[in-house]
1. Give me the percent relative contact order of chain B, please, defined on Cα pairs under 8 angstrom at least 6 residues apart.
2. If you place +1 on the Cβ of every Lys and Arg and -1 on the Cβ of every Asp and Glu, how big does the dipole about the Cα centre of the range B:56-182 come out, in debye to the nearest 20?
3. Other chains' Cβ within 10 Å of B:123-130 residues: what's the mean?
4. When we measure straight from the Cα of B:Lys155, which aspartates and glutamates land under 15 angstrom away, once same-chain ones fewer than 8 places off are left out?
5. Give me the orientation-averaged projected area of the Cα convex hull of the range B:209-361, in nm², one decimal.
6. Can you give the helix-only mean residue ellipticity at 222 nm for chain B, where every DSSP H stretch with n ≥ 4 adds -39500 (n - 2.57) and the sum goes over all residues, rounded to the nearest 500 deg cm²/dmol?
7. How high is the relative contact order of the range A:53-146, given as a whole-number percent (alpha carbon pairs under 8 Å, six or more residues apart)?
8. Per DSSP H run of at least 4 residues, take -39500 (n - 2.57); add these up for chain A, divide by its residues and hand me the 222 nm value, nearest 500 deg cm²/dmol.
Amino acid sequence: MSTLKETLWDPVAGFGVTFRTMFKKPVTEKYPFEKVPTAPRFHGRHQLNRWPDGLEKCVGCELCAWACPADAIYVEGASNTEDERFSPGERYGRVYQINYLRCILCGLCIEACPTRALTMTNEYELADDNRAALIYEKDDLLAPLLPGMLEPPHEMLISDDHHDYYRGKSLPIVETTSGPETAS
Amino acid sequence: MTVTEPNPTDTTPVELVTLTIDDVEVSVPKGTLVIRAAELIGTEIPRFCDHPLLAPVGACRQCLVEIPDAGNGRGMPKPQASCTIEVAPGMVVRTQVTSPVAEKAQEGMLEFLLANHPLDCPVCDKGGECPLQNQSLSHGASESRFIETKRLFPKPLPLSSNVLLDRERCVLCQRCTRFQSEIAGDPFIALLERGAQQQIGIAPDVPFGSYFSGNTIQICPVGALTSADYRFRSRPFDLISVPSVSEHDACGSAIRVDHRRGKVMRRLAGDDPEVNEEWITDKDRFAFTWSRQADRLTTPLVRNPATGELEPTSWPGALAVAARGLAAAAGKAVLTGGRLTVEDAYAYAKFARVALGTNNIDFRARPTSKEETEFLAAKVAGTPVDVTFADLERATAVVLVGLEPEDEAGTLFLRLRKASRQGVQVFALGTHTTRGLTKMNGTLVPTVPGQEAAALAELAVSPGTIILAGERLATIPGALSAVATKATESGARWAWVPRRAGDRSALDAGCLPNLLPGARPVASAEARADAAADWGVPSLPDEVGLDTDAIIAAAASGELGALVVAGVDVDDLADPALARDALRSVDFLVSLEVRASAVTALADVVLPVAPPVEKAGTFINWEGRQRPFHQVLIDAPALTDVRVLAGIAEELGRPIGIRTTAEAAAEWRELGPWDGKRIVFRGRKPAAAKTAAGKVVAGRVVLDTWKQLIDGGRLQDGADFLRQTAREPVLRASEATLTACGVQPGQRATLTGPSGSASFIAEAAFMPEGVVWAPTNSGVHLGAALGVAHGGRVSLTGGER
Ligand code: SF4
Ligand code: SF4
Ligand code: SF4
Ligand code: FES
């Protein structure tokens with residue numbers, strides 16, 4: 001048997017919660033009419049980065065493909081030649097595909113990449129109505145050309161020695177204030 | 001062949017030495033190195049320079065252990081390199097397992113090695129199968145203390161077009177240089193400079209011209225040596241490895257084929273102590289792209305009678321056309337070529353007899369002779385293993401007749417060189433001291449081609465000798481007879497060493513006009529009845545068939561109505577021009593091929609078949625040893641020769657009863673070797689020594705020729721880096737001969753034969769007079785260009801024609 005409190009008071013208290021909530025700010029997001037920015041380090045669509053002269057950073061090493069627990073990445077490397085250079089050094093990624101039907105956006109590929117060629121953006125709108133559209137090709141993943149960048153193939157513009165690229169030559173020098181470094 | 005005598009070395013008792021390693025007592029044969037004694041109790045001491053097949057050097061110092069008692073009651077004051085110390089009775093050894101001193105020493109060594117080693121494992125070819133990586137994890141410090149800039153070298157340094165060196169990765173273990181000088185005998189690379197700048201290097205103007213250079217890549221314990229072909233192509237852990245057997249020569253070398261995504265990425269030497277130990281030739285290693293060239297056949301083709309063009313057809317259609325054409329033809333013959341597995345060869349042998357009803361079948365796609373046919377049938381076919389690789393090391397001497405092992409059987413060459421370093425004398429009956437012979441420390445018995453029989457007869461041969469006869473002897477009258485006679489007279493043993501991987505298989509499978517499978521003589525009614533009973537047919541053709549030369553001649557003259565040709569390179573035949581005529585004039589030509597060739601271009605029906613990587617099978621090497629291998633690319637759709645022949649036979653209404661490789665193997669094994677009377681070999685007399693031999697007569701000289709290891713052969717197509725390491729084709733003759741013919745050494749000279757000429761740079765060599773040597777297929781195929789084979793006469797003139 002229920003007590004007197006349960007019979008009489010509890011329903012009123014319940015409606016009280018409802019009533020109070022009516023005056024609160026709703027938490028529901030109005031996606032897709034309003035797009036809320038993600039957290040800065042949200043794992044979204046991948047990006048294949050470029051050196052400041054537009055050459056690709058990817059060397060076609062396939063480590064990302066190996067790190068991927070979902071087997072979402074397919075890479076085929078090829079050798080740069082004198083007349084067709086896509087990246088500094090010997091090799092570049094000729095074919096690069098990420099299958100977003102498989103990718104779980106875990107970011108293990110980013111950790112694996114030895115050249116920082118592969119990073120993730122905050123873009124999360126990865127849906128479509130057909131399989132082919134969700135297999136992103138190299139063209140879909142390559143970072144846009146920023147001012148000063150040229151579309152490869154072209155020769156190494158920063159230095160003749162590909163090591164200079166990796167050492168960061170000609171990258172803008174970051175001003176650091178003296179004093180203890182703050183953890184980022 | 002003579003019966004194998006029990007070898008004395010097999011029975012001598014081994015002297016054992018007892019020592020204590022990590023408190024475990026172990027007895028090992030005297031002379032064992034501590035590092036290997038430790039392996040026996042399950043302790044792996046880390047190492048880089050140590051290799052079981054190379055002499056100990058103690059170069060890397062990674063294998064340090066503590067020796068508190070060296071067997072004489074006194075300990076060694078400092079940790080010792082266990083790879084250079086032999087066990088001693090009563091010795092006490094403490095490895096990293098029980099000794100903190102050894103453990104710290106090993107950790108320290110690794111730290112030293114890593115001081116200058118780049119941490120680029122993620123992009124290094126060796127990453128994943130790297131002894132340095134593995135041992136750093138198992139024995140190294142977990143943190144690096146080295147924060148300074150590492151040593152850098154320009155990379156990669158090409159040692160040859162094939163082998164590239166990344167010097168900063170090198171740990172200076174000298175395995176590569178030791179392999180080259182100890183095993184291959186081609187010391188092109190060496191340690192240069194001193195201190196931190198110490199590095200492996202090569203003279204700037206001398207290319208790394210070794211046929212065995214690829215082995216250094218495999219034994220390099222770090223990623224310092226890489227191959228241009230495989231560099232950055234894939235990683236060890238995404239490859240599927242399948243043990244296999246090389247298809248390039250008759251050694252049957254064990255290899256490991258690594259593939260992924262349906263494509264072979266690289267080949268490595270397999271580990272077979274009985275055959276190739278751990279070494280293979282560069283051809284075995286790098287020449288594997290031939291089967292995926294653009295001219296690979298993928299669908300059956302049938303010639304459209306209206307247009308005269310080959311047109312793609314369905315399998316049933318093509319098989320039906322092939323069967324119809326064969327049924328309608330009057331005389332039929334089969335040329336199988338020397339590249340078949342025993343299963344496929346067996347299918348051809350049975351197909352010819354059962355489906356075509358003929359004994360016109362021959363595997364020899366090269367100049368032959370009646371003498372050779374009889375010799376092979378009587379003395380070689382179906383014989384059990386007699387002379388082995390290991391026997392060569394125990395022989396008193398080895399005599400090479402008509403064989404240049406470095407070019408024609410690379411792994412055999414390595415074993416002979418090993419034997420020669422152990423004191424086995426090598427004699428070669430040839431025209432000049434080749435580089436291979438020099439490396440085997442061999443003695444030349446100067447012999448003009450054609451005079452091999454006489455030279456062999458004169459040679460003093462002791463009973464412990466092994467005579468190795470090459471396939472070039474086929475065309476030298478009396479030479480094979482002389483080998484047999486000499487062996488019987490002197491008690492020496494002998495073996496026939498063909499050039500192609502499938503030669504011995506085809507012979508044992510019965511692809512010879514006078515032989516059924518298992519060395520059953522065609523002429524013997526009992527043997528025929530035996531095979532017929534096994535095959536479930538009432539009878540087999542009883543007439544001895546035509547051999548290669550006769551088949552070509554008969555086809556050219558229109559006596560044969562149909563030819564079935566498997567992998568045959570027309571230029572290799574005795575008379576390429578006549579062979580082309582024959583293929584053109586024969587009414588119906590069926591070609592079973594992997595890639596488009598001169599034969600498929602003329603064929604009426606072309607049936608694509610699988611290359612060795614796409615099928616399983618068994619090669620039989622020169623020893624007679626069966627070398628089975630698995631199918632590497634299991635998803636490949638190509639059909640085997642067995643399956644295709646079975647298809648034609650079924651369409652003909654005379655099925656051969658086998659459809660798969662496994663069925664063919666089972667049936668062939670069940671049939672077994674013939675235990676009845678074999679064909680008797682009636683020795684031939686050598687041709688009467690022509691007065692002209694050894695003289696230049698009117699500018700005409702005797703041609704000595706063989707195929708170099710790396711040449712224009714179709715099985716090397718696509719291996720461009722390998723081809724670039726081929727030896728410069730030169731023509732060699734004695735100075736007197738060159739002068740007599742008006743040729744300047746170093747200048748171009750021209751050889752002219754009945755069908756044309758070929759020119760080479762001339763080189764003076766110490767050779768009998770009136771003889772010239774030139775490579776058979778380096779740049780130009782002499783058979784096709786001159787129309788002359790080994791032992792024939794050509795004219796030699798200066799300049800280019
Ligand atoms: S984010 Fe994770 S699942 Fe997606 S591609 Fe990278 S490794 Fe694979
Ligand atoms: S993205 Fe990075 S890890 Fe992936 S292939 Fe390119 S370089 Fe290698
Ligand atoms: S290249 Fe390799 S095998 Fe040769 S010395 Fe260096 S580490 Fe040793
Ligand atoms: S393995 Fe013993 S010193 Fe190199």
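Bear in mind that the values in this text are calculations on the coordinates, not laboratory data. The shown structure was predicted, so the numbers you read here are calculated from the model rather than taken from an experiment. Quick reminder, even Gly has a Cβ in these numbers, built from the backbone with ideal geometry, and neighbours come from all protein chains shown.
1. Computed value for chain B: 13 percent relative contact order.
2. My answer is approximately 280 debye.
3. The per-residue average across the peptide is 2.
4. In chain and number order, the partners are A:Glu90, A:Asp160, A:Asp161, A:Asp164, B:Asp120, B:Asp125, B:Asp166, B:Glu168.
5. Averaging across all directions leaves 13.4 nm² for the Cα convex hull.
6. -7000 deg cm²/dmol
7. Once divided by the residue count of the range A:53-146, the mean separation gives 31 percent.
8. -5000 deg cm²/dmol
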